[in-house]
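Step one of this worksheet: look at the structure below.
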Amino acid sequence: MVKTEILSVSDLIFFDTKPILEIKIDYPQIQGFMPDRAEKRINSFFENDAKRQNRTARTVLAVKAKEAYLYSRENAFPFHLWSYLQTVEETFSGRDKWSLYADRYVYSGGAHGDTIRRGFTFSLKTGRRLSLSEVCPVGQKEILASVVQEIRRSEEGIYFEDAEMLAVRNFDPKNFYLTKEGVTVFYPLYTIAPYSSGIREFLIPCFRENGDH
């Protein structure tokens, strides 16, 4: 078992004394019963990822926010503060595996922002990021069959009419995380359902806690 601490990279970008972009990137750091090399490898991965996101937000997104602010000022439109926010949720901490997901929310004006989810699963023995096939013994065909069955059982209006076909076409084996109940695979916003339905998740009870990875 490991202990997880959530750290943050935060900033508030101003232009012409006006705040135009808020940045807050949460990222995990772990410690516990694992080899030092594995701990350092995992922690470095997330720390570097947070720094990379911060650089992107402070440059690319900040420039766009400045342009939007100038346009709104010139045209007497209200300007709403842009956001770049990441939260993390630990979902599994076992003897040799650790898993979480990170939700990155970006608001750049308009009715609502956009949320992108990323799943992460690591070996606590080596610090290596694990693939779906390494933690779930069933194949992609069986996983997709379970996804399609759940879509068919769902209430009308949750998914697009062609959601079954879209689920197969848009399946990404990187989009998963572990829980005590199994592996959860997920689909980004708009891929198989409207925005109002959120990020769609499907539990596949195929996770093996034991294993030498």
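Nothing in this text is a laboratory measurement; each read-out follows from the coordinates by a stated rule. Just so it is clear, the model here is predicted, and its values are computed rather than measured. Quick reminder, even Gly has a Cβ in these numbers, built from the backbone with ideal geometry, and neighbours come from all protein chains shown.
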Per-residue ³J(HN,Hα) for region 153-170, Karplus 6.51 cos²θ - 1.76 cosθ + 1.60, θ = phi - 60°, Hz, x for Gly and Pro
7, 6, 6, 5, x, 6, 10, 5, 4, 9, 4, 4, 5, 5, 5, 6, 5, 9
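Taking only DSSP H segments of four or more residues, each worth -39500 (n - 2.57), what value at 222 nm results for the chain once the sum is divided by all its residues, to the nearest 500 deg cm²/dmol? Numbers along the way, then the final one.
Details: 5 runs with 59 residues, N = 213.
The helix contribution divided over the chain gives -8500 deg cm²/dmol.
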In bins 5 Å wide, starting from 0, what share of all Cα pairs of the chain does each bin hold, as a percent?
1, 7, 13, 15, 15, 14, 12, 11, 7, 4, 2, 0, 0
In degrees from 0 to 90, rounded to the nearest 10, what is the angle of the helix 36-56 Cα long axis to the longest principal axis of the chain?
30
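Going through the cross-link list LYS18/LYS64; LYS3/LYS141; LYS24/LYS66; LYS3/LYS51; LYS3/LYS24, which pairs have a Cα-Cα distance over 25 Å in this structure?
Values: LYS18/LYS64 15 Å; LYS3/LYS141 35 Å; LYS24/LYS66 18 Å; LYS3/LYS51 22 Å; LYS3/LYS24 22 Å.
Exceeds cut-off: LYS3/LYS141.
Determine, for ASP49, ASP36, the number of other Cβ atoms within 10 Å of each Cβ, and report the residues in order from fewest to most.
On the way: ASP49 16, ASP36 9.
Lowest to highest Cβ neighbour count: ASP36, ASP49.
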Identify, among PRO205, LEU166, CYS136, the residue whose Cα sits farthest towards the positive end of the charge dipole of region 114-208, taking +1 on the Cβ of Lys and Arg and -1 on the Cβ of Asp and Glu, with the dipole about the Cα centre.
CYS136
Per 0.36 nm of contour for each residue apart, how much would the distance between THR56 and LYS141 grow if the chain were fully extended, relative to their Cα-Cα spacing?
26.9 nm
Ranking LEU144, LEU21, LEU61 by Cβ neighbours within 10 Å, fewest first, what do you get?
LEU144, LEU61, LEU21
Mind sorting LYS180, LYS64 by how few other Cβ atoms lie within 10 Å of their own Cβ, fewest first?
LYS180, LYS64
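For region 11-87, what is the percent of antiparallel DSSP beta bridges, rounded to the nearest 5? Could the numbers behind the result be given before it?
Numbers: 5 of 10 bridges.
Of those bridges, close to 50 percent are antiparallel.
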